[in-house]
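Enquirer: If you scroll down you'll find the structure; I have some questions about it.
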Amino acid sequence: MRLKAEQVAGHLQQNLLPAYLVFGDEQMLVEETSDLIRQQARQSGATDRQVWHVEGRFDWSQLQWQEQTLSLFASQRLLEVRLPTGAPGKEGGEALRKFAATPPPDTTLLIISGKIDARSQKSKWFSELDRIGATIPIWPVDLANLPRWVQQRMQQRGLHTNPQTAALIAERVEGNLFAAAQEIEKLVLLSPNGEVDEQLVLDSVADNARFEAFGLMDTVFSGHVAKIPRMIARLRAEGLDV
C-alpha cells in the first residue's frame with residue numbers, strides 16, 4: 001500500500017506490516033518516519049535489529065531472511081536496509097522479491113532509500129514490497145509550503161503561533177528543515193506557556209547573529225551574490241553594524 005508520511009503514525013497504531021520502504025531526498029523527514037517504524041517494531045517485541053548498508057558491490061546473500069536457528073523463544077527481528085541510490089540492482093531486486101514471496105512471520109523489513117524515480121517504482125521488487133507492506137514517499141517541502149510545515153510542527157511540539165510568525169521562522173531558515181526543527185526545539189525551551197510571537201522568534205535568533213556575520217564573508221568569497229543583500233539586511237535588523 002502507499003502511505004503518506006503524515007499517515008504513518010496512525011497506521012502503526014493499527015498494524016505492523018512485514019515490510020516498509022521509506023524513500024526520498026529530504027533526509028531528516030526520511031529518518032523521522034523511519035524512527036516511527038523502528039519504535040513500533042520494538043514495541044511489538046523486536047529485540048534483534050540488524051542494519052545493512054548497500055554500497056558498491058554489496059553481497060545480498062549476507063541478508064538471511066529466515067532465521068538459521070529455530071527456537072521456541074525466538075525474538076522478533078528488525079532488518080534495516082539502507083539503500084542510498086534507490087537502486088538495489090538485479091541481485092538486490094531478486095533478493096527483495098524473495099522476501100516478499102514468503103515474508104518471515106518474525107521479521108519486519110525496513111528499507112531506507114534515497115529518491116526512487118518513477119521508472120524504478122514500476123519494477124517488480126518495488127511492486128512486491130508495496131503489495132505485502134507499505135511504500136512511503138517523502139516529498140521535499142518547498143519554500144511556498146514551508147511556513148505551513150513550520151506551524152504544523154510547532155503544534156506537534158505544543159507551541160501556538162500565527163501564520164505570520166511561522167513565515168518569519170521559515171524565512172530565517174531559508175528552506176533548511178533541520179535548521180527549522182532546531183529553532184522550534186529552542187522555542188519549546190523559551191516558551192513555558194507554549195505561546196510564540198514574533199518578538200520571541202526575533203529574540204531567539206539574535207544569538208545566532210554573530211555566527212551569521214562570519215557566514216556573510218563566506219558567502220562573499222563563495223560568489224553567492226544574490227544572498228548578500230538579504231544577509232546584510234538581516235544582520236542590520238538584529239543590531240549589527242555591517
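The values are calculated or read from the model by the stated rules, or taken from the named source; none is laboratory data. Keep in mind that this is a model prediction, so the values were computed, not measured. With ideal geometry, Cβ positions are generated from the backbone for all residues, glycine too; neighbour counts draw on all protein chains shown. Keep in mind that these areas ignore ligands, DNA and RNA; they rest on the heavy atoms of the full protein, side chains included. Shrake-Rupley method; radii C 1.70, N 1.55, O 1.52, S 1.80 Å.
Enquirer: Across segment 12-26, what is the number of residues that are surrounded by 13 or more Cβ atoms within 10 Å (Cβ to Cβ) and under 17 Å from residue 78 (Cβ atoms)?
Expert: Qualifying residue count for the region: 8.
Enquirer: Now for a separate question. Among the residues of segment 83-114 satisfying the criterion of being hydroxyl-bearing (Ser, Thr, Tyr) and closer than 16 Å to residue 50 by Cβ, which is modelled with the lowest pLDDT?
Expert: Only one residue fits best here, namely 107.
The rows are residues; the columns are (1) aromatic (Phe, Trp, Tyr); (2) under 25 Å from residue 181 (Cα atoms).
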| position | (1), (2) |
| --- | --- |
| 12 | no, yes |
| 23 | yes, yes |
| 46 | no, no |
| 50 | no, no |
| 63 | no, no |
| 106 | no, no |
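Enquirer: Also, quick follow-up: Considering only residues that are closer than 13 Å to residue 83 by Cα and touching a Lys or Arg at 6+ places or on another chain (Cβ under 9 Å), which ones fall in segment 110-127?
Expert: Across segment 110-127, the qualifying residues are 110, 111, 112, 113.
Enquirer: Against the definition (at pLDDT below 95, open to solvent by less than 60 Å² (accessible area, probe 1.4 Å) and aliphatic (A, V, I, L, M)), how does residue 29 come out, yes or no? First the steps, then the outcome.
Expert: On the way: at pLDDT below 95: yes; open to solvent by less than 60 Å² (accessible area, probe 1.4 Å): yes; aliphatic (A, V, I, L, M): yes.
When the stated conditions are applied, residue 29 passes them.
Enquirer: Quickly run through segment 160-181 and pick out the residues that are loosely packed, with under 13 Cβ neighbours inside 10 Å, at pLDDT 90 or above and not in a loop (DSSP other than H, G, I, E, B).
Expert: Selection gives 163, 164.
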